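What follows is a short report on a single structure.
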4 protein chains.
Amino acid sequence: MALYNVRTDLALEAREIATQGRETTEIPGVWSETDSADGITVTRMEIKTEEAAQQIGKIIGHYVTLEVPELRNGDTTLQDKVATSFAKEFEAFLTRIGVNEKSSVLIVGLGNWNVTPDALGPIVVENIMVTRHYFELMPDQVSPGYRPVSAVAPGVLGTTGIESSDIVFGIVESSKPDLIIAIDALAAKSLERVNTTIQIADTGIHPGSGIGNKRKGLTKDVLGVPCIAIGVPTVVYASTVVNNTMDMVFEHMKKHTANTEPLFGVFGQMDETERLQLVKEVLNPLGHDLLVTPKEIDKFMEDIANVIASGLNAALHEAVDKNNVAAYTH
Amino acid sequence: MALYNVRTDLALEAREIATQGRETTEIPGVWSETDSADGITVTRMEIKTEEAAQQIGKIIGHYVTLEVPELRNGDTTLQDKVATSFAKEFEAFLTRIGVNEKSSVLIVGLGNWNVTPDALGPIVVENIMVTRHYFELMPDQVSPGYRPVSAVAPGVLGTTGIESSDIVFGIVESSKPDLIIAIDALAAKSLERVNTTIQIADTGIHPGSGIGNKRKGLTKDVLGVPCIAIGVPTVVYASTVVNNTMDMVFEHMKKHTANTEPLFGVFGQMDETERLQLVKEVLNPLGHDLLVTPKEIDKFMEDIANVIASGLNAALHEAVDKNNVAAYTH
Amino acid sequence: MALYNVRTDLALEAREIATQGRETTEIPGVWSETDSADGITVTRMEIKTEEAAQQIGKIIGHYVTLEVPELRNGDTTLQDKVATSFAKEFEAFLTRIGVNEKSSVLIVGLGNWNVTPDALGPIVVENIMVTRHYFELMPDQVSPGYRPVSAVAPGVLGTTGIESSDIVFGIVESSKPDLIIAIDALAAKSLERVNTTIQIADTGIHPGSGIGNKRKGLTKDVLGVPCIAIGVPTVVYASTVVNNTMDMVFEHMKKHTANTEPLFGVFGQMDETERLQLVKEVLNPLGHDLLVTPKEIDKFMEDIANVIASGLNAALHEAVDKNNVAAYTH
Amino acid sequence: MALYNVRTDLALEAREIATQGRETTEIPGVWSETDSADGITVTRMEIKTEEAAQQIGKIIGHYVTLEVPELRNGDTTLQDKVATSFAKEFEAFLTRIGVNEKSSVLIVGLGNWNVTPDALGPIVVENIMVTRHYFELMPDQVSPGYRPVSAVAPGVLGTTGIESSDIVFGIVESSKPDLIIAIDALAAKSLERVNTTIQIADTGIHPGSGIGNKRKGLTKDVLGVPCIAIGVPTVVYASTVVNNTMDMVFEHMKKHTANTEPLFGVFGQMDETERLQLVKEVLNPLGHDLLVTPKEIDKFMEDIANVIASGLNAALHEAVDKNNVAAYTH
């Protein structure tokens, strides 16, 4: 389906694209609700039928998206609020999946350490409170309120020579966790989502998703245990930026005039997919259709990785103070 | 003048913009010549009159641009060729300015260590062969073929609290170099130039140029000694990407049809400046008009910084083997 | 004087060495007092006479030392206490020197970024709250309770080609601060001091001190403004470790037997200086007399640099909450 | 046996200790030969009997040690020679084990990225030419002269929560290599060996060895495929430095006098083990018996990791030019 031309790993954007031009974003077989408070918009969405999944281009499952337009401003108070909100949403996933407060968890930080916008997973892993070894080595001495948590960054195919899913499968086999949490950097449709949006999904990681273009996924089918995926868009295709902006320009101009046709001619009458195709045709031969990221990506990555690590530490361990999430990360 | 809306720190692009829609890129008062070999295009340009300077929006002086479209491929053989070509062009600047083979040089790496696309200067400085202290401490023992070279990375206003030009002025006062070479990351008009283009100019660094938006310049007037500027575009404004791509789309469509008007309507009839203005109007309120950089920026920065450092080491010291430039950097 | 064979940059250790074998550490012309609380021992010492200075091998001035044996344990609560205690001691220096709450301060982080145990200064500078530019650019809008603070890391002679004192002198000339605070990594006599001790002194930095062996100092004489030095021992000479341990072994054995002579023979009768000389004679030809540092130095540096940066931020700005020092650093 | 008090991971040092005070370092059941050229001393040793293994405290197997006292000087010509020599010795291991030129290899970089002296393995892995994925994805297009090589850095127990041997076991199970090469940082007895010595052994990695004190090993028994261990000492215990130096001091003094007893008394008559015990008794309660490393460890690690990576790239792939080993690493 041509819609998939617009590359996005976010279910929220995929639904937007699927309902573009319609009067409503509602799709039969998709349930959703949205809450907004403190500059954080939480959208909980469930794709319930195969038909809806086809239409949106994302598989059946629960998707929660936190949108925080101001998250790039470096405001630590806001960051703490997002971490707390993230922890609350994440706990709902744990409950729904049915893991209990003693279930062991393996956190997998996908992506490449040496490519800043792809390093989300490895940076989160660096900041996770790891406890599994205490349970293994001195189980009697672990304080109540903690569960066994382990964390690995398996690297990427280009630097290890092994599919990351194969590495994770091996580690799952030898360390036997009850649940996998996989963290990955994503591609979005619009620049303003980059490092301002967090998606949680109980679908695991699917082939082709994320920056690194995995060939195999991390799903319950593959790993034998459930896998919750956490993703943050950190890059956008240049062609998508162009196309997305053109849409906004057209909308902007339409508001100020009566008739679109003379305004944009043939070009304005193309649907989004045709136009994107055209933009790609122009950019690709020149090697211009790069994945781009904001200039300040280093700082943005550090901030959002800390939010996620703080949120996970709070959600996974009852003993961690939900009101002081940041105290457990560095 | 509206043209300056299109932000570029490259004289080559500024001339392109100034002559857009004309049959020729020639401008009275501007001399230029272009050589191409081995995948490297060298354009030597002189802006000779105040009138030409006004028209292009860059000040009077010599500008040499090396364009190497394949430079992002990580090919070390090509990198060495570019370093050698850069060294040759740079030596012509030394000759023209009239510094001799014993003149002392201070290399200034502008920009912020912690912002990858702004770290060009600091990374080059890390790889420069520094020799001034040998001349100070044991002048009799320095082998022939070397000159006194020092190198500093003065940081940026936001992290030091002091204008980098004030820091450099202080260091110039106390260390008395004969020549400054200032290295800075730039903004370009098109994504394909990012980390594929190097500009050398004898104009020094001017206020407002570069990523960091300096408030004061590094020029002979300010510092009392000549200043050669070396720059590499590492970022592009999202609005510029959009606009630049629209141009290409229009060109592309025009080639395949007879009449442009019905194709694009009013929008197609706007000149580039108006269109850019419109794109900015749409993006700015949303905070979308970010400076963006390619996803692989970490690796690109390392590669091009090495090219420049190798080239400078070869150009500054006669004793450095011009055919094995890379051996002197790490 | 042979005593200086034992290399230490700490006045406290220098006094210990000068009074070794005596019944008291008191020296005419030296005032001192010691407070202990919360695992932090603060020794305030003043070397008042030239004679005392000669005897100790440190120049006339005030020296405050914070000793925190548990500081390497990574306990963030203790780190915050040390930062608060440091801030209090530091404020006394500001008062004594006579700078007021509006006086501008330049913080100088000496040392080499790329040599972990020498990177104290640069890491502290990274975490300093810099405010000078706000006073320059929008003086009317700066909240009360702040002063102009700037911060630079001038690098080391081997990588810049310029004496760091010359760089600092230039920056002082062009930015005109009222006070310099210079931060440097030091050598100590004993391994247990490494990254557990902080020294503040109103003497500035003297030639030959610190890891990097400066050839010129940072003092009021050189710079024209007062200079407070903050130092942390991060390395020890192997020969000093050996000699220091031998002392402890001898003390230990003496406690358990009546007569020292047959225990150690001629070797036991040597004074510390002779023995150190002998150890050096053995180690030096083999190139074994290295400066060594604990294996965990990366983490230790980060922790103590944060303590100092937090303490400085609190001491320099009245508006910074002294009870929550860590909130202002990252 | 008390000898093991002297902590060393090097078979060469273990043999020295086992034969201390004897006229010869020969031990029945141990074969060895030594070659010296170009500042590189290669000792090939085989521990052939269980009895010899007991005596030395290292298990049966082949050990090759490269000693290069000048390796810390940063001389790139010497580094290339060492890489070539290392490659040659390593190839002999491949031949002896019986893997052929098509056998697949998994390189495991043990140790902690964030602790510089423990980061040997991860840094080597960063510089390894990884090829396994080309064989998996496009087997027909791989040039002759290469074999499938993969490389992972499994992290350490304290940061992953999983024993590194369990992680490696899982990866071996899922990626099925024919041979493991495990790289680890070691502890040595003497400071001069730190980052000047490389050990290759066909024994795999044993519990308790290396800086990180593994609880489980990486051996053929555990992994099901042969494991060659490559190690470099990067740390020494402070107590070992002291004891080792005391030995040298005693030897030095003996050379200049007739009788040792009055020189050192009871202390001089202790055997090395007793003396080390005494030194430990003195240092331990104070927490002084740290593992120490030279101040310049950052640079030393980078240099020796490059030597090993270059050597491995050359040894593993026939197509890699043995005379230009460095060209394949960065």
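The values are calculated or read from the model by the stated rules, or taken from the named source; none is laboratory data. Since the model is a prediction, treat every value here as computed from it, not as a measurement. Because the Cβ atoms are built from the backbone with ideal geometry, glycine has one as well, and the counts that use them run over all protein chains shown. Side chains included, ligands, DNA and RNA excluded: accessible areas come from the protein's heavy atoms. Shrake-Rupley method; radii C 1.70, N 1.55, O 1.52, S 1.80 Å.
Provide a single number: the residues in region A:144-155 that are at pLDDT 95 or above, more than 7 Å from chain D (Cβ to nearest Cβ) and farther than 12 Å from A:Met129 by Cβ.
Total meeting the criteria: 2.
Determine, yes or no, whether B:Lys176 is away from every other protein chain (no Cβ under 14 Å) and surrounded by fewer than 22 Cβ atoms within 10 Å (Cβ to Cβ).
So B:Lys176 does not fit the description; no.
When region A:44-66 is examined, which residues are found to be within 19 Å of A:Pro226 (Cα to Cα) and surrounded by fewer than 19 Cβ atoms within 10 Å (Cβ to Cβ)?
Within region A:44-66, A:Glu46, A:Lys48, A:Ile59, A:Ile60, A:Gly61 meet the criteria.
Anything in region C:133-165 that is open to solvent by less than 30 Å² (accessible area, probe 1.4 Å), within 23 Å of C:Val99 (Cα to Cα) and out of contact with any His (no Cβ under 7 Å at 6 or more places or on another chain)? List them, or say none.
C:His133, C:Pro148, C:Val149, C:Ser150, C:Ala151, C:Val152, C:Ser165
Yes/no per residue for (1) part of a helix (DSSP H, G or I); (2) in contact with a Phe, Trp or Tyr (Cβ under 9 Å, 6 or more places away or on another chain); (3) at pLDDT 95 or above; (4) buried (at least 20 other Cβ atoms within 10 Å of the Cβ):
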{"site": "C:Ser85", "(1), (2), (3), (4)": "yes, no, yes, yes"}
{"site": "C:Lys88", "(1), (2), (3), (4)": "yes, no, yes, no"}
{"site": "C:Lys102", "(1), (2), (3), (4)": "no, no, no, no"}
{"site": "C:Leu106", "(1), (2), (3), (4)": "no, no, yes, yes"}
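Can you list the helices (runs of 4 or more DSSP H) found entirely within region B:222-330 that contain at least 2 residues being at pLDDT 75 or above and of a type in the set (Val, Ile, Thr)?
In region B:222-330, B:238-256, B:272-283, B:297-316 are the helices (runs of 4 or more DSSP H) which contain 2 or more residues that are at pLDDT 75 or above and of a type in the set (Val, Ile, Thr).
Tally time: how many residues in region D:110-130 are outside any helix (DSSP H, G or I) and open to solvent by less than 10 Å² (accessible area, probe 1.4 Å)?
Matching residues across region D:110-130 total 3.
Take C:Asp166 and decide whether it is closer than 26 Å to C:His317 by Cα and out of contact with any strand residue (DSSP E or B) (no Cβ under 9 Å at 6 or more places or on another chain).
For C:Asp166, the condition - closer than 26 Å to C:His317 by Cα and out of contact with any strand residue (DSSP E or B) (no Cβ under 9 Å at 6 or more places or on another chain) - is not met.
Considering region A:285-319 alone, what residues qualify as being surrounded by fewer than 19 Cβ atoms within 10 Å (Cβ to Cβ) and within 11 Å of chain B (Cβ to nearest Cβ)?
A:Pro285, A:Leu286, A:Gly287, A:Lys299, A:Glu302
Among the residues of region B:179-193, what is the count of those that are modelled with pLDDT under 95 and of a type in the set (Val, Ile, Thr)?
0
Identify all residues within region D:198-231 that are touching a strand residue (DSSP E or B) at 6+ places or on another chain (Cβ under 6 Å) and within 14 Å of chain C (Cβ to nearest Cβ); write none if there are none.
Of everything in region D:198-231, those that are touching a strand residue (DSSP E or B) at 6+ places or on another chain (Cβ under 6 Å) and within 14 Å of chain C (Cβ to nearest Cβ) turn out to be D:Gly210, D:Ile211.
Do any residues in region B:133-150 that are without any contact (Cβ under 8 Å) to a residue 24 or more places away in the chain have Cβ atoms under 6 Å from those of residues that are open to solvent by less than 30 Å² (accessible area, probe 1.4 Å) and not charged (D, E, K, R), where the two are at least six apart or on different chains, and which pairs are they?
B:His133/C:Leu157; B:His133/C:Gly161
Evaluate the following for A:Thr234: is it facing chain B (nearest Cβ under 10 Å) and open to solvent by less than 10 Å² (accessible area, probe 1.4 Å)?
yes
Residues being of a type in the set (Ser, Thr, Tyr), touching a residue at least 40 places away in the same chain (Cβ under 8 Å) and out of contact with any Gly (no Cβ under 8 Å at 6 or more places or on another chain): count how many of those fall in region C:152-169.
Number satisfying all stated conditions: 1.
State whether the residues of region C:67-76 include one that is farther than 24 Å from C:Lys322 by Cβ, surrounded by fewer than 15 Cβ atoms within 10 Å (Cβ to Cβ) and of a type outside the set (Val, Ile, Thr).
no
Being more than 9 Å from every other protein chain (Cβ to nearest Cβ), within 18 Å of the chain's Cα centre (by Cα) and modelled with pLDDT of 95 or more narrows it down to one residue among D:Pro122, D:Pro117; which is it?
Of the residues listed, the single one that is more than 9 Å from every other protein chain (Cβ to nearest Cβ), within 18 Å of the chain's Cα centre (by Cα) and modelled with pLDDT of 95 or more is D:Pro122.
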